[in-house]
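To keep things clear, I will list the structure first and then write my remarks on it.
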Amino acid sequence: MTGNSPQNLKGLVLALTTAIMWGLLPLALVSVLQLMDSYTITWYRFLFAAVLVGIGLKNKNQIPKLFTTDRQWLKPLAIAAVFLSLNYILYLSSLYFVPAETAQMLIQMAPLMMLIGSVIFLKESFSRGQMVGSVVLVVGLALFFNQQFTQSASLNRDDFLIGFVIMLGASVTWAIYAIMQKQMLQKFTANQIMWVIYVFSSLFFLPVSSPAQVMSFDWIAVLLLLFCCANTLIAYGSFAKSLEFWPASKVSAVLAITPLLTVLFATIAQQFFPEHVSAQQLNALAYFGAILVVTGSVLTALGNKILSKQAMQKVKVKFGKS
């Protein structure tokens, strides 16, 4: 891991690409879920990614030799795939107990857990600026979703508790997957890791999927499903690659803005397709929270430069002269 500007820029761009893809995904899934169950959609997404990434690795002769020379890495790769698959299952299961908006709020525990885990288990640095940024980010998320907190209070208490516990499990499994992937980058490329995970996960979901459902799709639905499949390939490929250039703590901070991007994209889409998309109506407190989330993400990603002793000393000297 180097700290030069080109590496930082690549890490930022890749992390932002992931956030944008995940921000767009719910808008496409809303339509596809009306025609196909969530497990089958997930199976198609993993299978699509496994085939395309596999072709690319085959052409470059980079298929990992997991059953020969790289045998010792088979177990951690399989574990990472299991945790990512569990994340999908737990997230989908939580939707039976809490509304989608509330689920989207709760899943933000995942990047924060990844951030904390990367500091504890990967021994990544966590500067004063990043600590301040994390606090600002958490406060911003709470304010941004203040309407969902109000909505959650009106839910059946038992249902909300069950949904919260399930989503907590989804967040933990995703954070474990992400941290393990970061460790495995010492041996494999991002594409090699993701290919193994895609293959395993597609096999994992095959028994509970119904691939023939696609036969009833019109061309618009097919395009939306293809977008969901391409989204998996681009989002997780960018996420895995970003960890090669950036610490996991910084990547997780950028991913925290994903729900804000979803609201932004929904607002834009509503202007063009009002009969299909209904954007969330935010109050003033939510908009203020959005500003704090973006500010917190920037501080967490770049806080070691913005709020470092050297930077603060320069500010004092500058204002002292004026």
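Pairs needed: first member in the range 254-282, within 21 Å of S134 (Cβ to Cβ); second member anywhere, of a type in the set (F, W, Y) and modelled with pLDDT of 80 or more; C-beta distance under 9 Å; at least 6 residues apart or different chains. Filtered contacts from the range 254-282: V254/W246; L255/W22; L255/F239; T258/W22; L261/W22.
Which residue, of L47, L84, L29, L35, is assigned to a helix (DSSP H, G or I) and either more than 20 Å from L203 (Cα to Cα) or free of Cβ contacts under 8 Å to residues at least 40 places away in the same chain (or both)?
Values: L47 fails: either more than 20 Å from L203 (Cα to Cα) or free of Cβ contacts under 8 Å to residues at least 40 places away in the same chain (or both); L84 fails: either more than 20 Å from L203 (Cα to Cα) or free of Cβ contacts under 8 Å to residues at least 40 places away in the same chain (or both); L35 fails: assigned to a helix (DSSP H, G or I).
After ruling out the rest, the residue left standing is L29.
Mind checking which residues of the range 167-214 are over 22 Å from P64 (Cβ atoms) and under 17 Å from the mean Cα position of the chain (by Cα)? Result: M167, L168, G169, A170, S171, V172, T173, W174, A175. If you go through the range 110-157 and keep only what is of a type in the set (V, I, T), farther than 22 Å from G289 by Cα and modelled with pLDDT of 80 or more, you end up with just I120. Within the set L52, L66, L9, the sole residue that is over 21 Å from W174 (Cβ atoms) and either in a loop (DSSP other than H, G, I, E, B) or touching a His at 6+ places or on another chain (Cβ under 9 Å) (or both) turns out to be L66.
Starting from the range 167-187, take each residue that is on the phi < 0 side of the Ramachandran plot and charged (D, E, K, R) and list its partners that are crowded, with 18+ Cβ neighbours inside 10 Å and part of a helix (DSSP H, G or I), counting only C-beta distances under 8 angstrom and pairs at least six apart or across chains. If the second residue must be crowded, with 18+ Cβ neighbours inside 10 Å and part of a helix (DSSP H, G or I), the pairs left are K182/S118; K182/L243; K182/A248; K187/W73. Condition check for N59 on (1) surrounded by fewer than 16 Cβ atoms within 10 Å (Cβ to Cβ); (2) closer than 22 Å to A221 by Cβ: one failure, at (2).
Residues that are surrounded by 14 or more Cβ atoms within 10 Å (Cβ to Cβ) and free of Cβ contacts under 8 Å to residues at least 40 places away in the same chain are absent from the range 238-251 altogether.
If you check F48, F67, F97 for being modelled with pLDDT under 90 and crowded, with 20+ Cβ neighbours inside 10 Å, only one passes: F97. Considering every residue within the range 28-41, establish whether at least one is buried (at least 18 other Cβ atoms within 10 Å of the Cβ) and charged (D, E, K, R). No, that holds for no residue. The requirement of being under 16 Å from A103 (Cα atoms), of a type in the set (G, A, S) and out of contact with any His (no Cβ under 7 Å at 6 or more places or on another chain) is fulfilled nowhere in the range 172-184; no residue meets it.
The values are calculated or read from the model by the stated rules, or taken from the named source; none is laboratory data. What you see is a predicted model; the values in this text were computed from it and never measured. Positions of Cβ are backbone-derived with ideal geometry, glycine not excepted, and every protein chain shown enters the neighbour counts.
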